[in-house]
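> Have a look at the structure that comes next, please.
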Amino acid sequence: RPARLAVVALGTGTKCIGQAQMSQSGDVLHDSHAEVVAKRSFQRYLLHQLWLAAVQQETSIFSPGAEQGKWILRPHIIFIFFSSHTPCGDASIIPVMEEEAQPCRPLSPAPAPGARVGSGLQGNGREAEESAASPLAKKPKVNPEDSAQGAACPLAPGAAEHSATMCSPVQAIDVHRTGAKCVPGEAGDSQQPGSKYHTVGLLRTKPGRGPRTASMSCSDKLARWNVLGWQGSLLMHFLQQPVYLSAVVVGGKCPYSQEAMERAIIARCQHVLHLPDGFQVYKVKILQSCLHFNHSRRAVEDSQLPSQDKVVPCGAGECRGLPKWRRAKGS
């Protein structure tokens, strides 16, 4: 059977309250960032599915486990988390690569016989203006593995014979900044100019323009859930195993680094040992989609005419969801 896809949870939001506004009585929602709202919705979905299993409904995703009174996911059920933007915090500390360190930068080739001068792959006037106005837009996308071994430089047509000795390793000259602040007790950021501004791998609280928040960054929460599961402590009383995601997918056309995502969600938790039975540092797949969120700030700005007013987004500029895949048997 072909795989079936269904959206089982959805959340949007970019806000969280300051530490002084937090309530100990549980009557105030502290964190309304998209991934937190999506996880709350997902837990409600799991609770409903557990109720269906308890009343013996065949439509439930759960089946009885080996332990009495415990439940497990049915075979071939997986969950995928989609985020329209790179999570704040450690995953957003992305290297900005040095374009000038590539001596073999493509040059305009001589026109072929019979070819029209000026033809070829060129952006429109708006793209040219954006490139000139935004230094980051001109930076090439470099695979993290290439940056360690020397990136393969793109070549102009007919220039392959000149390529081998011209390429030099591409270096990071800066990093994308994150507004997430290091938690008290951490080493803190060096704030040195360039690529050493941030210290990677640290725990951080969510950014905010008002009072300092006490909510952990999106990267830290994703890393925690990748070890403890997405079901929460209440549901774990009734489940034989935690519920892990099979994949985390980030939307296209936003700052993204495979190395930074894997570091933030998986690698920095590898030292966690002596977990209870069933728990682990899960090897979740991390991917970036070629699609982008049509209502993101960048997408809306790109669609505006130069004569139109500046776009001011509301607090719902991100969208995250948890689709459920039902695998075909044997896949």
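The values are calculated or read from the model by the stated rules, or taken from the named source; none is laboratory data. Everything numeric here is computed off the predicted structure, so don't read it as measured data. Glycine also receives a Cβ, built like all others from the backbone with ideal geometry; neighbour counts cover every protein chain displayed. These area figures cover heavy atoms from the full protein model, side chains too; ligands, DNA and RNA do not enter into them. Shrake-Rupley method; radii C 1.70, N 1.55, O 1.52, S 1.80 Å.
> If we scan region 32-40, do we find a residue that is touching a His at 6+ places or on another chain (Cβ under 7 Å) and hydrophobic (A, V, I, L, M, F, W, C)?
Within region 32-40, none of the residues are touching a His at 6+ places or on another chain (Cβ under 7 Å) and hydrophobic (A, V, I, L, M, F, W, C).
> Here are ILE78, ILE93: which of them is farther than 28 Å from CYS182 by Cβ and β-branched (Val, Ile, Thr)?
After ruling out the rest, the residue left standing is ILE78.
> Continuing with this model, one more query. Do we have GLY210 as among the small types (Gly, Ala, Ser), modelled with pLDDT of 60 or more, open to solvent by less than 60 Å² (accessible area, probe 1.4 Å) and farther than 29 Å from LYS283 by Cα here?
yes
> Still on this structure, please answer the following. Among PHE42, PHE82, which is the only one that is out of contact with any helix residue (DSSP H, G or I) (no Cβ under 6 Å at 6 or more places or on another chain), in contact (Cβ under 8 Å) with a residue 60 or more places away in the chain, open to solvent by 50 Å² or more (accessible area, probe 1.4 Å) and of a type outside the set (S, T, N, Q)? Working first, answer last.
Numbers: PHE42 fails: open to solvent by 50 Å² or more (accessible area, probe 1.4 Å).
Matching residue, one of PHE42, PHE82: PHE82.
> Let me ask another. Could you grab me the full set of residues in region 11-25 that are among the small types (Gly, Ala, Ser) and open to solvent by 70 Å² or more (accessible area, probe 1.4 Å)?
Once the filter is applied, which keeps residues that are among the small types (Gly, Ala, Ser) and open to solvent by 70 Å² or more (accessible area, probe 1.4 Å), region 11-25 yields ALA20, SER25.
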